[in-house]
Amino acid sequence: MEFFVQILINGLNIGFLYGLAAMGFVMIFKSSSVLNFAHGELLAFGAFFFLTLVSAAKLPLPVAFMGALALCFALGFVVERIFLRPLIGEPLIYVIMLTVGLASIFKGLMLLVWGGNLYMFPPILPAKLSITFAGITIPPVYLLSTSIGILFLIFFGLFFKYSSQGIYMRSVADNQSAALSLGVHVRRVFALSWAIAALVAGMSGIVLGIINGVNVHDLSSIGLKVFPVVILGGLDSIGGAILGGVIIGLLESFTGGYLSASLKDVVPYMALIVILIIRPYGLFGLVEIERV
Amino acid sequence: MKSFHFRPCGNLKERYDEELRIFETDFGRAAAIIGGLLFFSAATLLCGSYIVYIFNIIAISSIGALGLNILVGFTGQISLGHGAFFGVGAYGAAVLATRFGIPFIFAVPAAGFIAAVAGMIFGIPSGRLKGLYLTIATLAGQFIIEYLLVHWESLTQGTMGIILPEPQLFGISVVDDRRFFFVVFVILIIMILMTSHLMRTRYGRAFIAIRDNDRAAEGMGIPVFRYKILSFGISSYYAGCAGALWAYYMTSITAEPFNVGLSVEYIAMVIIGGLGSIAGSVFGAAFIVVLSETLRWLTDTIMSLSIIQGMELTLAAIRELVFGLSIVLFIIFEPRGLAEVWRIVRSNFRLWPFSY
């Protein structure tokens, strides 16, 4: 029973992190229909910015956190402006391969600057914050990640619902030419959505880094784990991303706990194929996929 | 024999068989044959074994890239699982050769067929999915095959890998780089001819129709799903043959190289070479192989100069960086790839001095 609950908690936590990582991915897809293969690298950039600001620049934690997010925001903006803008309207394969190429560039840059080592953050939260319940200990970082996730979900829910930029973004996602004719600055919306998505990605990278340590390869492989999550949740649903993340996280940790540890990494992809064949638009996605 | 004629200054074809011709002019055919013979003799007589090794790797990659170009460039289905099918071919050849003692000449095509079956199985989602959903499905296929290659230990011996026997062809052993060169280039030429003929049959035309507009293709009576599966199968057959040759050339294999990175590398070859171009597949393969060998040589030279110590990791970093940069630059500045560059250069010569 204890084992079961421990696995459940682990799964929920991993799932929440996947969901957080997937949120940024969904934002990019929602507004500009770009499948971002460089998402894992954006996560890693966030974690490394935070790491550098904390341990090299010795900034206090909140300042470093905000600074890292600001850097990520700028990075997303620049990436959209330089690389994605020329490709608007090009065939899908070029857009996909461009993000794959970007992933390589980012990875190379990070390996050059920070190397392939595993870095650990200094312990950020005091251990006494951990909750012990019926013999099971929940470490404080888990609580931190969950609360940050919920906070961001609420924040972006409100942002998309009430702020003017959020409404512009939704309108572009809904119908690009109609939004354009109503005076929405579509290019600015693309730039902004990349910037916000990079910010969200950076934030989840920081949380992942606090939990598992910061390593280029580990963090960028999360970028590929995002695909089952977003397909399950629906490619254009932010709430679906979180729920999909939780389901995939639970699936992974239960497979790892009860079946075999090596199967753990491939189970999400098996689920992915099943979902794609049965219900390709996912749980909450817009049903617009064309049957061929 | 017809009278020799030069290439006309425009598309002046009047009959279908002119369109179907592989070499447009007799000079072109003569040049290709003479060039091929010169290349063969130069490579075997003048080049050192390292250069021949690079040629061999280029030829093997070209076969794989040709296959992927049939799928991506001609049929329009994006696949991120080509590296896994390459691996299936490599393991297929290894298992056939070690378990069943099947000779080289049969093991390579048989490995191709095994890969083709795997490709058709993982192509089934294309019946319902297209575009980015299909891309994600093939990515999942890549991970599943990778897992099987590592964990199906009774067949693949897991992380230990398999050591292949020495390849024998008509009683002659083909271990040495030069001998392998002949085998692999003859296969490459056969594959190139096969592809260019394929694109002149109804199957190839159907692939192109599906790429250009799948609904119109369906309306014209092409069974789209069947042809998509067929395209997956043919493309994986090429990958499997390439993988089998690679396995024989490397003499021992593990599952490690057949990862997503390899799939991405193949797509990069196809894009850098030129989508939907047979010559482009070879150009792209040559570009990527030469690029990575140059980078290795550069880092080796820098390391041996020992100006900068502690640079062990930078090879991987610089490789990633340059590789990504070349993909991105090609997509932004020349999305049709090296084949287009080659065409522009040629037509400049052809139309000179009245280039407009």
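The values are calculated or read from the model by the stated rules, or taken from the named source; none is laboratory data. Computed from a predicted model, the values in this text were never measured in an experiment. As a convention, Cβ positions derive from the backbone with ideal geometry for all residues, glycine included, and neighbour counts pool all protein chains shown. These accessible areas exclude ligands, DNA and RNA; they are computed on the full protein's heavy atoms, side chains included. Shrake-Rupley method; radii C 1.70, N 1.55, O 1.52, S 1.80 Å.
Tell me which of these B:Gly87 doesn't satisfy, since it passes every other one: (1) within 14 Å of chain A (Cβ to nearest Cβ); (2) assigned to a helix (DSSP H, G or I); (3) touching an Asp or Glu at 6+ places or on another chain (Cβ under 9 Å).
It is condition (1) that B:Gly87 fails.
Within segment B:134-153, can one find any residue that is more than 14 Å from every other protein chain (Cβ to nearest Cβ), assigned to a helix (DSSP H, G or I) and surrounded by 24 or more Cβ atoms within 10 Å (Cβ to Cβ)?
Scanning segment B:134-153, I find no residue that is more than 14 Å from every other protein chain (Cβ to nearest Cβ), assigned to a helix (DSSP H, G or I) and surrounded by 24 or more Cβ atoms within 10 Å (Cβ to Cβ), so the answer is no.
Only one of these conditions is not met by B:Leu129: (1) surrounded by fewer than 19 Cβ atoms within 10 Å (Cβ to Cβ); (2) among the hydrophobic types (A, V, I, L, M, F, W, C); (3) within 14 Å of another protein chain (Cβ to nearest Cβ). Which number is it?
(1)
I'd like to check something: does segment B:223-236 contain any residue that is part of a loop (DSSP other than H, G, I, E, B) and farther than 22 Å from B:Glu166 by Cα?
So far as segment B:223-236 goes, yes, one or more of its residues are part of a loop (DSSP other than H, G, I, E, B) and farther than 22 Å from B:Glu166 by Cα.
Among the residues of segment A:252-270, what is the count of those that are at pLDDT 80 or above and at the interface with chain B (Cβ under 9 Å from one of its Cβ atoms)?
Result for segment A:252-270: 6.
Of all residues in segment A:277-292, how many are open to solvent by less than 100 Å² (accessible area, probe 1.4 Å), modelled with pLDDT under 75 and touching an Asp or Glu at 6+ places or on another chain (Cβ under 8 Å)?
2
Would you kindly identify the helices (runs of 4 or more DSSP H) lying entirely within segment A:16-116 that contain at least 1 residues that are over 21 Å from A:Val172 (Cβ atoms) and of a type in the set (Val, Ile, Thr)?
Result: A:61-79, A:92-114.
Condition first: open to solvent by less than 30 Å² (accessible area, probe 1.4 Å) and more than 7 Å from chain A (Cβ to nearest Cβ). Now tell me which residues in segment B:315-330 satisfy that.
The answer is B:Ser326, and nothing else.
Whether any residue in segment A:219-232 is farther than 30 Å from B:Gly127 by Cα, of a type outside the set (A, V, I, L, M) and either within 14 Å of chain B (Cβ to nearest Cβ) or within 15 Å of the chain's Cα centre (by Cα) (or both) is what I want to check.
yes
Taking the condition of being within 13 Å of A:Ser32 (Cα to Cα) and either assigned to a helix (DSSP H, G or I) or charged (D, E, K, R) (or both), how many residues in segment A:162-178 meet it?
Result for segment A:162-178: 9.
Out of B:Phe106, B:Phe27, I need the residue that is in a helix (DSSP H, G or I), at pLDDT 85 or above and hydrophobic (A, V, I, L, M, F, W, C). Which one?
The match here is B:Phe106.
Could you look through segment A:157-181, keep only residues that are polar (S, T, N, Q) and open to solvent by 40 Å² or more (accessible area, probe 1.4 Å), and pick out the one that is nearest to the chain's Cα centre (by Cα)?
Filtering segment A:157-181 for residues that are polar (S, T, N, Q) and open to solvent by 40 Å² or more (accessible area, probe 1.4 Å), the one nearest to the chain's Cα centre (by Cα) comes out as A:Gln165.
Restricting attention to segment B:262-282, does a residue exist that is of a type in the set (Asp, Glu) and within 11 Å of another protein chain (Cβ to nearest Cβ)?
Yes, there is a match, as at least one residue in segment B:262-282 is of a type in the set (Asp, Glu) and within 11 Å of another protein chain (Cβ to nearest Cβ).
Residue-wise test of (1) more than 18 Å from B:Gly284 (Cβ to Cβ); (2) crowded, with 20+ Cβ neighbours inside 10 Å.
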site: B:Ser49; (1), (2): yes, no
site: B:Ile78; (1), (2): no, yes
site: B:Ala97; (1), (2): yes, yes
site: B:Ala116; (1), (2): yes, yes
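Quick one: which of A:Tyr142, A:Tyr94, A:Tyr162 is more than 10 Å from chain B (Cβ to nearest Cβ) and at pLDDT 85 or above?
A:Tyr162
Would you check if B:Gly119 is at pLDDT 80 or above, more than 14 Å from every other protein chain (Cβ to nearest Cβ) and in contact with a Phe, Trp or Tyr (Cβ under 7 Å, 6 or more places away or on another chain)?
Yes; evaluated as a whole, the condition is true for this residue.
What is the number of the single condition among (1) farther than 28 Å from B:Ser263 by Cα; (2) open to solvent by 10 Å² or more (accessible area, probe 1.4 Å) that A:Lys225 does not meet?
(1)
I'm trying to understand the selection: among the residues of segment A:184-234, which are hydrophobic (A, V, I, L, M, F, W, C) and not in a helix (DSSP H, G or I)?
Across segment A:184-234, the qualifying residues are A:Val184, A:Val214.
Please give the number of the condition A:Leu98 fails out of (1) surrounded by 24 or more Cβ atoms within 10 Å (Cβ to Cβ); (2) free of Cβ contacts under 8 Å to residues at least 40 places away in the same chain; (3) in contact with a Gly (Cβ under 8 Å, 6 or more places away or on another chain).
The single condition A:Leu98 does not satisfy is (3).
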